[in-house]
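Where a number appears in this text, it was derived from the coordinates with a stated rule and is not lab data. Only a predicted model underlies this, so the values are computations on that prediction, with no experimental measurement involved. Reconstructed Cβ throughout: ideal geometry from the backbone, glycine too, with neighbour counts over all protein chains shown.
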Amino acid sequence: MADRLIASFLRQHAPGVSIRADLELEAGDNRVTVLFGPSGSGKTTILRCLAGLDRPQEGFIRFGEEVWFDRAARIEGMENLREAALRKLADGLTTYEEVARVTVDTE
């Protein structure tokens, strides 16, 4: 069974302006996930939280056995996530090469 991305969080921008995300996605070969909605509905906020660029005020983000963020447990591993992403960018690989490498590494 492939790992799952499980996230349930609240990101509040201002009083009365908040984004709630509840999602569970199974990772695997040949999968594409689309996040769509009208302008201002929170698509970018959700992606920024998943990428570790924004911190939610409540909730958690987990991938498989790894806890990327859990406000209640005071786990905020977002810096490690960003550092890993920056290291991959520094490798000088194209997106296609990086995806191919990850696919080969996980088989």
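Annotations
- By the count of other C-beta atoms within 10 Å, a proxy for reagent exposure, Val34, Val17, Val67 are ordered fewest to most as Val34, Val17, Val67.
- GluC sites (Glu not before Pro) within the range 1-76, DSSP loop, no more than 16 other Cβ atoms inside 10 Å: Glu65
- Point-to-point label distance, Leu35-Arg4, nm (Cα→Cβ direction, 7 Å offset): 1.9
- Full extension of the chain segment joining Arg48 with Ala72 gains 6.7 nm, where the gain is 0.36 nm per residue of separation less the Cα-Cα distance.
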